[in-house]
Amino acid sequence: MFENILGESMLKIAQKKGLIEIGVRNLRDWTSDPHRTADDKPFGGGPGMVMKIEPVYRALKELKALRGAKKRAKVILLTPQGKKFDQKTAKRLAKERRLVLVCGHYEGVDERIRELADEEISIGDYVLTCGELPALVLVDAVARLIPGVLGHRDSVKSESFEDGLLEYPQYTRPAEFKSMKVPGVLLSGNHKEIEKWRSAEALKRTLKRRPELLKKGRK
């Protein structure tokens with residue numbers, strides 16, 4: 001599941017350049033029984049299986065991610081109960097030296113695992129089969145903020161959410177297609193007017209599609 005995403009495009013290039021280092025670990029490597037059991041039935045009954053605390057604890061200990069470890073990594077638990085992930089959070093995490101992402105699974109995790117995490121993050125108000133997908137979303141969003149990962153240093157600055165607004169409309173050739181024309185200002189070569197148009201369009205688009213972002217910015 002991880003190899004296909006981490007081995008393509010920007011993430012692949014960034015790793016080859018040594019800008020980021022990503023390691024994938026299997027919790028079963030830290031189990032102690034012959035069946036390599038990482039989950040068990042919930043106390044009190046109920047459907048599904050619950051991730052056990054022992055493999056997670058041992059993994060974090062070996063990865064120097066437990067509290068008290070020198071140069072300790074920040075531990076994030078991916079869970080639908082966590083704080084909703086956004087661009088502001090991505091920026092903050094991009095400044096961390098090391099991150100360990102614990103991917104939830106099955107019916108959930110043993111509640112005591114939460115005590116080992118520094119932070120709980122959700123990518124939205126819906127339920128997925130596993131935590132690997134949210135982890136990949138977080139990795140991609142954070143990695144692209146590391147200096148040098150994106151080809152152009154201004155690429156991030158003009159994107160949606162960077163200034164609390166959605167990104168302005170983008171166009172490329174041809175200038176006209178089936179009576180649909182590119183706004184004339186973008187063909188004018190007048191950079192000052194282009195910037196004014198882009199700012200106005202970003203505000204207009206945010207007001208129409210995501211007005212809550214404007215209210216959020218006023219707080």
*Under a GNM of the chain (C-alpha, springs under 10 Å), which listed residue has the highest mean-square fluctuation: S188, S32, S179?*
S179
*Lys/Arg Cβ at +1, Asp/Glu Cβ at -1, dipole of the chain taken about the Cα centre: which of Q170, A69, V50 is farthest positive-ward?*
Q170
_As a test of reading the structure, rank M49, M1 by solvent-accessible area (1.4 Å probe, protein chains only), most first._
M1, M49
*With a 1.4 Å probe and every protein chain left in place, work out the accessible area per residue of region 1-129 in Å², rounded to a whole number.*
67 Å²
_Which of V137, A200, V185, positive extreme of dipole for region 80-203 (C-beta unit charges)_ = V185
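Hull surface divided by four, with the convex hull built on the Cα atoms of the chain: how many nm²?
With the hull built on Cα positions only, its mean projection is 17.4 nm².
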_At 1.4 Å probe size, with the rest of the protein present, what percent of the exposed accessible area of region 75-156 is carbon and sulfur atoms?_
51 percent
*the chain: antiparallel DSSP beta bridges as a percent of all, rounded to 5*: 25 percent
_Antiparallel content of DSSP bridges confined to region 3-129, in %, to 5_ = 15 percent
_GNM flexibility winner over the chain from K71, K91, K83 (Cα, springs under 10 Å)_ = K71
*Determine the distance separating the Cα centre of region 1-48 from the Cα centre of region 94-118; give it in Å without decimals.*
12 Å
*Charges only on Cβ, +1 for Lys and Arg, -1 for Asp and Glu: so what's the dipole of the chain about the Cα centre, in debye to the nearest 20?*
1000 debye
*asked:* Once you keep just the Cα pairs under 8 angstrom separated by 6 or more residues, what percentage relative contact order results for the chain?
replied: 17 percent
*asked:* Among the listed pairs K12/K196; K61/K88; K88/K208; K16/K64; K12/K64, which have their C-alpha atoms separated by more than 31 angstrom in this model?
replied: K12/K196
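The values are calculated or read from the model by the stated rules, or taken from the named source; none is laboratory data. Note that the structure is a prediction, hence the values are computed from the model and not measured. Counting neighbours? That spans all protein chains shown, and the Cβs are built from the backbone with ideal geometry, glycine included. For the accessible areas, the whole protein counts, side chains as well, though only heavy atoms, and no ligand, DNA or RNA atoms are used. Shrake-Rupley method; radii C 1.70, N 1.55, O 1.52, S 1.80 Å.
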